[in-house]
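One structure is given below, encoded as structure tokens.
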2 protein chains.
Amino acid sequence: MYSSPPVLEKLVQEISKLPGIGRKTARRLAFHLISGDREKMENLAQVLMEAKNKLVHCKLCYGFAESEICQICDNPRRDRESLCVVERASDILPFENSGVHKGLYFVLGGVLSPLDGIKPESLHIPELIERLEKENIKELILALGSSPEAESTALYIDRVLLNSPIHRTRLARGIPVGSDLEFIDDVTMLRAFKERVKI
Amino acid sequence: MYSSPPVLEKLVQEISKLPGIGRKTARRLAFHLISGDREKMENLAQVLMEAKNKLVHCKLCYGFAESEICQICDNPRRDRESLCVVERASDILPFENSGVHKGLYFVLGGVLSPLDGIKPESLHIPELIERLEKENIKELILALGSSPEAESTALYIDRVLLNSPIHRTRLARGIPVGSDLEFIDDVTMLRAFKERVKI
């Protein structure tokens, strides 16, 4: 049997633990790293350790931050009356990149899934409710996914706030801008047709 | 503009320097790393540093090793009369995995490419010639790729050894085992037909 250097095998193994990276890609990446400028490996190792040690969850929104409160929650120019609820911290990015949302965010940490034992207390739903009671939030944008679990999570939060004056909205569903009608899937077409708007 | 934590942006940037990994994949990998068990990041960082510090080039074959001489060159049971010449250290793997080659290897470090300024001295060709003069090698398997540059590199080495008694061979070209004839490219078909063998 081939005895490739053990540390090289260990590197391949660690890289192949990443999502979507199989053994062959991991090997290619490992060989790339060790074949080129070795400083790159040190940079990558350093930034990994730095991220591991420095990144924490923001105490207000549960997004990623380098201090107790993240830069968005800490920004006095953000609209404190509008709160956008997302599943994961990475979901904040498309909003910020497009610049549509001037308010704050709240990361649930997932969606309800009773079959997998994910109850409201497993997510940050109690913290969300508490925050809504304390702060003067006028609109809650439930920007969750379109899976049945995500939809029922949005519905659950909407029910909890049934008697609250907070305006609850969700993102529009429909045809993505620039896509060909013939390639639209049935469910999207159904939603786009049902929720058609007056020109 | 969005101010994602700087260390997170740095991590995405380092990951996106890897070959075949764009900015979106880098971001997905970064979020995966920071969202899960943080020990994984430390393990990856540690093995990167370990690989950076420990891996060296074998003084005999120029493959990767953790000591001066790699485990293959150091193995007394390998056939010292057969030397397989490859372009890159990663090319050793398919030979070892299939177990076809019982001899030793030699990593050229690339192929000749006069237009890019890659001359015999830029590769390990002088070291190969020197090694062939000193050691009792009977067969030299030129297992280089099938690009024009690789073919002319094999030809160049063959010319240098014109008056040498060393047997020079190259790998057979032909239809890969298990592939459908209808999907074979023209050049492979040409080679496979031209080099057809008696049953």
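Of the residues B:139, B:149, B:135, which is in contact (Cβ under 8 Å) with a residue 12 or more places away in the chain and surrounded by 16 or more Cβ atoms within 10 Å (Cβ to Cβ)?
Working: B:139 fails: surrounded by 16 or more Cβ atoms within 10 Å (Cβ to Cβ); B:135 fails: surrounded by 16 or more Cβ atoms within 10 Å (Cβ to Cβ).
The match here is B:149.
Only one of these is modelled with pLDDT of 90 or more, among the aromatic types (Phe, Trp, Tyr) and within 30 Å of residue B:56 (Cβ to Cβ): A:64, A:31. Name it.
Numbers: A:64 fails: within 30 Å of residue B:56 (Cβ to Cβ).
That would be A:31, the only listed residue that is modelled with pLDDT of 90 or more, among the aromatic types (Phe, Trp, Tyr) and within 30 Å of residue B:56 (Cβ to Cβ).
Would you please name the residue that is nearest to residue A:127 (Cα to Cα), looking only at residues in the stretch A:85-109 that are within 12 Å of another protein chain (Cβ to nearest Cβ), outside any helix (DSSP H, G or I) and of a type in the set (Val, Ile, Thr)?
The selected residue is A:107.
Assess whether residue A:79 counts as being charged (D, E, K, R), surrounded by fewer than 19 Cβ atoms within 10 Å (Cβ to Cβ) and in the same structural domain as residue A:109 (by TED's automatic domain parsing). Lay out the reasoning, then the answer.
Values: charged (D, E, K, R): yes; surrounded by fewer than 19 Cβ atoms within 10 Å (Cβ to Cβ): yes; in the same structural domain as residue A:109 (by TED's automatic domain parsing): yes.
Yes; evaluated as a whole, the condition is true for this residue.
If you take the residues of the stretch A:110-132 that are in contact (Cβ under 8 Å) with a residue 12 or more places away in the chain and in a helix (DSSP H, G or I), which of them is surrounded by the most Cβ atoms within 10 Å (Cβ to Cβ)?
Per the stated criteria, the residue is A:128.
In the set B:157, B:175, which member is over 18 Å from residue B:110 (Cβ atoms), surrounded by 10 or more Cβ atoms within 10 Å (Cβ to Cβ) and out of contact with any Gly (no Cβ under 6 Å at 6 or more places or on another chain)? Working first, answer last.
Values: B:157 fails: over 18 Å from residue B:110 (Cβ atoms).
From the options B:157, B:175, the qualifying one is B:175.
Which condition from (1) assigned to a loop (DSSP other than H, G, I, E, B); (2) of a type in the set (S, T, N, Q); (3) closer than 28 Å to residue A:186 by Cβ is the one that residue A:152 breaks?
With (1) assigned to a loop (DSSP other than H, G, I, E, B); (2) of a type in the set (S, T, N, Q); (3) closer than 28 Å to residue A:186 by Cβ applied to residue A:152, the lone miss is (1).
Restricting attention to the stretch A:18-51, report how many residues are loosely packed, with under 15 Cβ neighbours inside 10 Å and within 20 Å of residue B:28 (Cα to Cα).
The number of residues fulfilling the criteria is 5.
Just need a number here: residues in the stretch A:124-152 that are of a type in the set (Val, Ile, Thr) and in contact with a strand residue (DSSP E or B) (Cβ under 8 Å, 6 or more places away or on another chain).
From the stretch A:124-152, those of a type in the set (Val, Ile, Thr) are A:125, A:129, A:137, A:141; that's our starting set.
Those still in the list that are in contact with a strand residue (DSSP E or B) (Cβ under 8 Å, 6 or more places away or on another chain) too: A:137, A:141.
Within the stretch A:124-152, residues that are of a type in the set (Val, Ile, Thr) and in contact with a strand residue (DSSP E or B) (Cβ under 8 Å, 6 or more places away or on another chain) number 2.
Among the residues of the stretch B:52-69 satisfying the criterion of being within 7 Å of chain A (Cβ to nearest Cβ) and not small (Gly, Ala, Ser), which is surrounded by the most Cβ atoms within 10 Å (Cβ to Cβ)? If you could, list the steps in order and put the result at the bottom.
Just the residues of the stretch B:52-69 that are within 7 Å of chain A (Cβ to nearest Cβ), to begin with: B:52, B:54-55, B:64-66.
Next cut, not small (Gly, Ala, Ser) only: B:52, B:54-55, B:64, B:66.
Details: B:52: 19, B:54: 15, B:55: 21, B:64: 24, B:66: 16.
Per the stated criteria, the residue is B:64.
How many residues, within the stretch A:1-59, are among the acidic types (Asp, Glu) and assigned to a loop (DSSP other than H, G, I, E, B)? Show your work before the answer.
Within the stretch A:1-59, the subset among the acidic types (Asp, Glu) is A:9, A:14, A:37, A:39, A:42, A:50.
Among the residues that remain, those that are also assigned to a loop (DSSP other than H, G, I, E, B) are: A:37.
Residues in the stretch A:1-59 being among the acidic types (Asp, Glu) and assigned to a loop (DSSP other than H, G, I, E, B): 1 in total.
Among the residues of the stretch A:56-69, are any touching a residue at least 12 places away in the same chain (Cβ under 8 Å), over 24 Å from residue B:41 (Cα atoms) and under 18 Å from the mean Cα position of the chain (by Cα)?
Yes - at least one qualifying residue is present in the stretch A:56-69.
If I ask for residues that are assigned to a loop (DSSP other than H, G, I, E, B) and over 20 Å from residue A:38 (Cα atoms), which ones from the stretch B:70-84 would you list?
Answer for the stretch B:70-84, where residues must be assigned to a loop (DSSP other than H, G, I, E, B) and over 20 Å from residue A:38 (Cα atoms): B:71, B:72, B:73, B:74, B:75, B:76, B:77, B:78, B:79, B:80, B:81.
The values are calculated or read from the model by the stated rules, or taken from the named source; none is laboratory data. Only a predicted model underlies this, so the values are computations on that prediction, with no experimental measurement involved. All Cβ positions, even for glycine, are placed from backbone atoms using ideal geometry, and neighbour counts span all protein chains on display.
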